[in-house]
Amino acid sequence: MKVCLVNDTSDDPNWGARATSLALRELIHEAGGRVESTLYQYRIGMAQAEDIASVRDAEVLSGQVEDVAPRRWQEFESRARDVMDGVIFPEIHTALASSDVVLISGEGCIYDCTRQSRMIYFIAYLAKRFLGKPTAIVNHSIVMNDPVLREIADHVYPLLDDVVFREPDSALACVSGLGRVASDAAYLYQPQGDEWWPQSGLSQQSPQGENEGEILRGGDFDPQVPYACIGGGSVYFRGLKPGFDAVPGFSKLCRALQACVGQVILTASSGKDLSIMEPLAERLELPLAGVNLPIQTAVNLVGNAQVYIGARWHPSIFAHSGGTPVIALNRHTVKMDAFLKQVGMQQSAFDPFAIEDQLDDLMAEVKAHLQAGEELRSHLRNGALRLAGMARENVHLLT
């Protein structure tokens with residue numbers, strides 16, 4: 001089967017973006033499919049000159065590109081007819097028309113009625129309603145926080161052949177009775193044991209600075225000695241607290257973890273996190289694993305830690321897969337609440353903007369997880385293996 005994979009996020013260096021898309025491609029191959037065409041997230045996330053057929057080869061002198069994506073449900077049919085008439089989105093039409101099946105990876109991209117959100121639904125509508133292709137939106141979460149987005153979703157989901165959410169909270173937010181719950185495709189990645197370390201590509205900072213796959217800077221790192229991993233989160237970059245400096249709070253948390261666990265490894269799974277983690281690494285002379293770390297190495301690193309603290313969805317999955325307890329900075333982060341519920345971890349709502357005020361409670365949680373030891377880790381690993389099996393539901397349409 002020829003598959004059009006829509007919203008492929010492997011063009012983003014973010015750990016999770018790469019991990020999910022690579023895992024989905026593997027699942028498609030396992031199910032007997034072949035990715036015939038790909039629509040990357042950059043292609044649908046912002047307007048492109050190629051969106052309008054008459055100017056696709058022309059230079060855009062104004063520096064701005066007309067956005068012809070539908071802005072509300074009432075525009076979907078007319079825009080789809082424009083596509084079929086060859087007026088707009090000719091490349092998207094070609095990609096869809098040349099495939100047997102259309103799989104759309106929603107990821108965590110559907111919220112706020114962004115262009116990417118609207119285009120995900122529009123492509124699904126176009127593929128199914130106008131081109132008659134078996135079509136599914138899979139591997140996704142939704143945040144229905146906008147009435148326009150809600151109206152679009154309520155009309156599009158019933159048309160589709162399959163709807164697969166990556167966690168239960170999103171299914172509850174969907175039109176009643178539609179969609180199934182599976183898990184994120186990134187659960188396919190499983191951490192290796194101690195034997196991975198010598199071949200992992202991890203090393204200390206080189207004179208040239210950041211090299212792909214390195215732990216970048218800081219003091220000595222002995223992978224055989226217990227360590228904790230710290231991560232950032234998109235919550236710091238949404239403008240919720242303009243001018244907020246996260247470094248002091250993280251500094252105190254790192255010092256407390258050094259006293260309790262031993263080593264501390266900072267992780268920047270997204271390029272944005274470097275604005276927090278780089279000054280933190282310099283201040284405390286801590287190792288920093290950067291965004292270019294190979295995915296399997298990132299899974300190994302977080303999955304073999306004693307604990308992971310952060311507000312990132314995919315590093316939390318990497319941790320869970322290895323049995324590493326996750327302490328989520330989950331206040332203001334719906335996706336982290338969803339993660340905790342799916343893995344069955346009860347926890348207080350830790351505020352990423354008040355780490356210093358909650359330091360005692362955070363460390364109490366760390367100590368409780370450490371005390372639980374291998375029994376807890378085994379329980380978490382078993383749960384992650386169950387979710388890894390469920391990840392194959394994302395390509396059920398192919399089977």
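The values are calculated or read from the model by the stated rules, or taken from the named source; none is laboratory data. Small disclaimer: the values here were computed from a predicted structure and weren't measured. Note that each Cβ is placed from the backbone with ideal geometry, even for glycine, and that neighbours are counted across all protein chains shown. Just the protein is used for accessible areas: all its heavy atoms, side chains included, with ligands, DNA and RNA removed. Shrake-Rupley method; radii C 1.70, N 1.55, O 1.52, S 1.80 Å.
Data table
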{"quantity": "Relative contact order for the stretch 132-195, counting Cα pairs under 8 Å that sit 6 or more residues apart, in percent", "calculated": "35"}
{"quantity": "FRET efficiency for Gln190 and Leu370, using Cβ-Cβ distance with R0 set to 25 Å, rounded to 0.05", "calculated": "0.65"}
{"quantity": "Rel. contact order, % - alpha carbon contacts under 8 angstrom, at least six apart, the stretch 305-399", "calculated": "30"}
{"quantity": "Amide H within-cut-off set for Val164, under 5 Å, with H built and near neighbours excluded", "calculated": "Ile137, Val138, Asn139, Arg180"}
{"quantity": "Carbon/sulfur fraction of accessible area - the chain, other protein chains in place, 1.4 Å, %", "calculated": "48"}
{"quantity": "Entries in Lys2/Lys335; Lys241/Lys341; Lys2/Lys341; Lys128/Lys272; Lys128/Lys241; Lys128/Lys341 that, when Cα-Cα distance is taken, lie over 30 Å", "calculated": "Lys2/Lys335; Lys2/Lys341; Lys128/Lys272; Lys128/Lys241; Lys128/Lys341"}
{"quantity": "Charge sum, other residues only, whose C-beta stays under 13 Å from Ser275's C-beta, Lys/Arg counted +1 and Asp/Glu -1", "calculated": "-3"}
{"quantity": "Mean separation of Cα contacts under 8 Å (6+ apart) over length of the chain, as relative contact order %", "calculated": "16"}
{"quantity": "Scattering profile of the chain at q = 0.06, 0.13 Å⁻¹ [log10 I(q)/I(0), Debye over alpha-carbon scatterers]", "calculated": "-0.25, -1.08"}
{"quantity": "Charge sum, other residues only, whose C-beta stays under 13 Å from Arg150's C-beta, Lys/Arg counted +1 and Asp/Glu -1", "calculated": "-2"}
{"quantity": "Highest to lowest packing among 24-33, 293-302, scored as the average C-beta count within 10 Å", "calculated": "293-302, 24-33"}
{"quantity": "Average accessible area per residue (Å²) across the chain - probe 1.4 Å, nucleic acids and ligands excluded", "calculated": "40"}
{"quantity": "Computed [θ] at 222 nm, helices only, for the chain once each DSSP H run of length n ≥ 4 contributes -39500 (n - 2.57)", "calculated": "-11500 deg cm²/dmol"}
{"quantity": "Cα-based radius of gyration of the stretch 189-387 once divided by 2.2 N^0.38 Å, which approximates compact folds", "calculated": "0.94"}
